[in-house]
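Worksheet: one structure, shown below.
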Amino acid sequence: MRALLFAANWKMNVGPAEARRYLATFLTAYPPQPNRQVWFFPPAVSVEAVATAIGNRTDLRAGVQDVYWEPKGAFTGATSSPLAAEAGAKAALIGHSERRHVFGETDEQTGKKLKAVVAAGLHPILCVGETLTQRDAGETLTVVRRQLHAALGDRVEVLVTVAYEPVWAIGTGRNATPRDAAEVHRAIRAWLKERQAKETRVLYGGSVNVKNAVELLAEQELDGVLVGGASLDPQVWIELVRTAVT
Ligand code: PEP
């Protein structure tokens, strides 16, 4: 059975009290499944609540949605990797398209964040993906390779998960076809192999829901999914994690 990772990105939703209620529902209805990991990326203020609720369940993890690259200091409003780790985070999203396109994060900053995350012992999920204009111009693979190189360099010595998230598919209700996704996933794997990367999972993200998850995950190139909207309701999320085929 192929191992799958289901990552829930709650974005700027679900405070600590709601997170505790969500996890109580989730833990009751979802016992560990073989070869299935479920990771939660709540807002930073709810990481501790999620990590505490997860307790010793090794199939579940809490993570942060973003970090600043410095470990500590006068950086008002920012969260560092060591602080996130202290709150119970074991993973971090890096270079999510909303960080890149809403907050203006550059490739160089994404690279610095990835290094900081690894230094603090968190597992990075590096998000890459093209805009609609770039896709229409036939630049998808050029953009994705540029983002990979900026974050990972010429030789990939760190353990990382890559999430391919076409910007035009995030929160829009439009998702890539399994074939479109698989083609980019293959290019990502080839890029990683050329740079001696260790075993790397490649996830797909962009308007994944209960209906399309089965079809997407039937594509063997996908090692899992990164999901925003459809992860906000615990019942919907449980259904999505359960129904997807292996
Ligand atoms: C995301 O936030 O990474 C995402 C893919 O969002 P959505 O599932 O809502 O498109």
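The values are calculated or read from the model by the stated rules, or taken from the named source; none is laboratory data. The structure presented is a predicted model; accordingly, all values stated were derived computationally and were not measured. Cβ placement follows ideal geometry from the backbone for every residue including glycine, while neighbour counts extend to all protein chains displayed. The accessibility values were calculated without ligands, DNA or RNA, using every heavy atom of the protein model including side chains. Shrake-Rupley method; radii C 1.70, N 1.55, O 1.52, S 1.80 Å.
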field: For the chain: accessible area per residue (Å², 1.4 Å)
entry: 46 Å²
- line: The Kirkwood hydrodynamic radius of the range 4-47, taken as the inverse of the mean 1/r over all distinct Cα pairs, in Å, comes to 11.2 Å
message: Viscosity 0.692 mPa s, temperature 37 °C: give me the Stokes-Einstein translational D for the range 4-243 in µm²/s, with Rh taken as the Kirkwood radius over C-alpha pairs.
response: 184 µm²/s
- prompt: Carbon and sulfur together cover what percent of the accessible area of the range 38-95 at a 1.4 Å probe radius?
  reply: 53 percent
- request: Whenever you get a sec, line up 204, 68 from highest to lowest accessible area (probe 1.4 Å, protein heavy atoms).
  value: 68, 204
statement: Taking a label point 7 Å from the Cα of residue 78 along Cα-to-Cβ, the residues of the range 148-163 whose backbone nitrogen sits under 18 Å from it are 151
- prompt: For the range 113-222, which GluC sites (Glu not before Pro) are both in a DSSP coil and crowded by at most 13 other Cβ atoms within 10 Å?
  reply: 157, 199
Full-stretch length increase - residue 139, residue 57 - with 0.36 nm per residue and alpha-carbon distance subtracted: 25.4 nm
task: Go ahead and estimate [θ] at 222 nm for the chain from helices alone: -39,500 (n - 2.57) per DSSP H run with n ≥ 4, summed, over the residue count, rounded to 500.
output: -12000 deg cm²/dmol
- prompt: Under a point-charge model restricted to the Cβ atoms of Lys and Arg (+1) and Asp and Glu (-1), what is the dipole moment magnitude of the chain relative to its Cα centre, in debye to the nearest 20?
  reply: 400 debye
Area accessible to solvent at residue 1, 1.4 Å probe radius, in Å²: 150 Å²
query: Which whole-angstrom value gives the distance between the alpha carbon centres of the range 179-246 and the range 89-145?
result: 16 Å
